[in-house]
Every structure is written in C-alpha cells, then in structure tokens.
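The values are calculated or read from the model by the stated rules, or taken from the named source; none is laboratory data. Nothing here was measured: the structure is a model prediction, and the numbers come from that model. Every residue, glycine among them, receives a Cβ derived from its backbone with ideal geometry; neighbour counts consider all protein chains shown. Each accessible area value is taken on the protein alone, full model and side chains, heavy atoms only, with ligands, DNA and RNA left out. Shrake-Rupley method; radii C 1.70, N 1.55, O 1.52, S 1.80 Å.
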Amino acid sequence: MKRTVVIVLSCLFCLAAKSAAPDSIAAGAAPVSAPLSATMTARDAGSAQWYFAMAPDDVLPLLPVNTRLDMLDYYNSGVSRPSRDAAGGRAIVTGSSSRRVTFETGDTCSYELAVFTAGSDTIVALVETIRYPMPDSRIAWYDSRWRPIAPPAAEPNLDDWLTRDGRKHRQEVEEVVPFMTSVAEAGPESGTLTLRRTIDAYFVPSERPDALRWLRPSIVFRFKGGRFEKEQ
C-alpha cells in the first residue's frame, strides 16, 4: 500500500509513514468533480495546495479553511491581494508549485508547506518561521490525516553545527553561544531539508564573537527511505 506522510515546517523534527491512496488521504473529501475553490478542485488531491486547503483548523488556527481558499484563489488568479487572518493580520500566499506552497501571516511569520516523495513514500512538510528578534524556524510533522507523527530526523545539537576544526574549539563556542537558531528551507524537488544558521543576528555586529567561525553556515538533510539523513 502507498505510504503517505505530511510535514508542517514551523524548528523541531517529527515523522512516520501511513498508508493512504490519494482518494483516502482525507475522509470526507469533496467528490473529484466538486470544486474546492474557484481555482482548485479535488483533482488536485495530493498537491501542496490541496494539503494547505484541507488542513484542520487546529493545525493553522489563524487561517480558517475559507480564508485559505480565498488566499489560493487570489494567488492562482494572479491577484496580489492579502486576506485577513483570525487576528486581523494580513495573510497571503507568496509562492506555489505542485510540491510547495509558501505563505505569510501578520508581519513576523512565514510558512512553507512542502510535499516530499521518495519511491512510494510521500511526505508533506509545513515550516513556520518567526522573523524576530532573529529568524528561527519550527517544524511539525503529520501523517496524511494530519495526525502528529514521530521525528524523521534528529534535531541538530551543537556538535552537528561545529565544523571539523570547530570540534577542537567546542568549549570556546559553548562559552559565547547560548543557543542555536536557524531557518528551515524545504527542497521537495531535490529531496532536501536545509537549516541555515541565524544565531549571528543575536549579537551586535561590533560584539560578534570570533567563535562563530567554528560553526557551519548550514546543515543539509536528504530524504532517504522515509527519513531525513544529515549530509556530512
């Protein structure tokens, strides 16, 4: 049976694979001929836009389903017009492909929902990034019915961020870097998940510690066999 998984990128890792064919991905989905919105129908089942439209309200509490459908209609019609989220802030789709949808809410939050495939396995990811005081992402993972699932990759620790030479200076880095922040970027077409270091913005430029040079600028994970493996 086909295994299908969905991910929400918002900076913690979680994964599992569930059996589901496209027509069983969401119980009660509209008939194939029924329009979900003015610019999308159930024939789009399994696409990034479909997962965005069908997400439960508790997954995206600021974006009720009708708001999400309006956002997709505006984007698909080429209209750069924001909708309003539940808090009255702006909400707009900023990009879309068959495997990826990016959108923003308010002035500080951006999201990315990506659909990964590897053989018969499918994983959909939704990333939430808070821009201030320095950009930082969280990642939530769900199966095809939007149930939380176990992590597909270990959350990086300090050792993962250290360069080869930096491992010799671990104590020096620990003394000046209180925690790590990063932005997550999904690459469903290439089967990658990239974390880019942002902790540098925590420091005033004139006081930025030299020890930051011992940290890698990014960590890349590649989707293999239903899991994300860290590239060396």
Contour minus Cα-Cα distance for residue 138 and residue 224 (0.36 nm per residue): 28.8 nm
Can you run phi through the Karplus equation (6.51, -1.76, 1.60; θ = phi - 60°) for segment 154-161 and list ³J(HN,Hα) in whole Hz, with x for Gly and Pro? 6, 5, x, 10, 4, 4, 5, 7
What fraction of the Cα pairs in segment 158-214, stated in percent, has a spacing above 12 angstrom? 69
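Net charge within 10 Å of residue 91 by Cβ-Cβ distance, Lys/Arg positive one each and Asp/Glu negative one each, not counting residue 91 itself?
On the way: positive: 68, 84, 90; negative: 70, 85, 104.
Within the 10 Å Cβ shell, the charges total 0.
Under the classification rounded if a/c is under 1.5, otherwise prolate if a/b is larger than b/c and oblate if not, where does segment 67-125 fall, given a ≥ b ≥ c as square roots of the Cα gyration tensor eigenvalues?
prolate
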Can you check what the net charge comes to around residue 106, using other residues whose Cβ is under 13 Å from the Cβ of residue 106 (Lys, Arg +1; Asp, Glu -1)? -1
Give me the Å³ per residue figure for the convex hull around the C-alpha atoms of segment 110-232. 111
Give, as a single signed number, the net charge of other residues whose beta carbon lies under 12 Å from the beta carbon of residue 154, with Lys and Arg counted +1 and Asp and Glu -1. -2
Of every Cα-Cα pair in segment 81-161, the percent that sits beyond 17 Å: 58
Tell me, what is the percent relative contact order of segment 101-204, built from C-alpha pairs under 8 Å that lie six or more residues apart? 23
51, 202, ranked by accessible area, largest first (probe 1.4 Å): 202, 51
